[in-house]
Amino acid sequence: TLRKAREHKKGEVQRAGVQARANALAAELGCTEPLETEAALAYCEKVVQEKGASNLTADPPSQPPAAELKKLEAIHDALRTDFALRRRMLLTRCDVTMQSFLWGDAAEGREQTIVDSVYAERASLSTEPPPYSVQDALATSKQRI
């Protein structure tokens, strides 16, 4: 069951990344509210059909020099590592807190119900940072910053 929970978590993270990117693209095209992945992609297709792809393209942002890009990548890696560490630490604290609740008198006889309800949600939390890269940040329009 632990392996299934990990596979489920990995799938959730991937789906969340796809949905975030689809919503970011829809927002670039003028969508004002978050949508489900399919709705966001349908919105994008509709805008492209209405306006024509040639009217939507803009000059790509200029790339920073290689030395600056290398520094940005190092900062990005450090922030991702820090995020993952902090997230693992918070999840460990969550586990310890839940364990202490289970030792209390109020939980007596209901331990399995508590474990099932809390850890079902807990299993969906990931220690991985969102799947964004330096290139994603550089490709973001100035309107979104």
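The values are calculated or read from the model by the stated rules, or taken from the named source; none is laboratory data. Computed from a predicted structure; not experimentally measured. Here the Cβ is made from the backbone with ideal geometry for all residues, glycine too, and neighbour counts use every protein chain on show.
Of the numbered conditions (1) at pLDDT 70 or above; (2) exposed (fewer than 12 other Cβ atoms within 10 Å of the Cβ), residue 2 fails exactly one; give the number of that condition.
(1)
Given segment 52-145, what helices (runs of 4 or more DSSP H) lie entirely inside it while holding 3 or more residues that are among the small types (Gly, Ala, Ser), exposed (fewer than 11 other Cβ atoms within 10 Å of the Cβ) and at pLDDT 85 or above?
66-103
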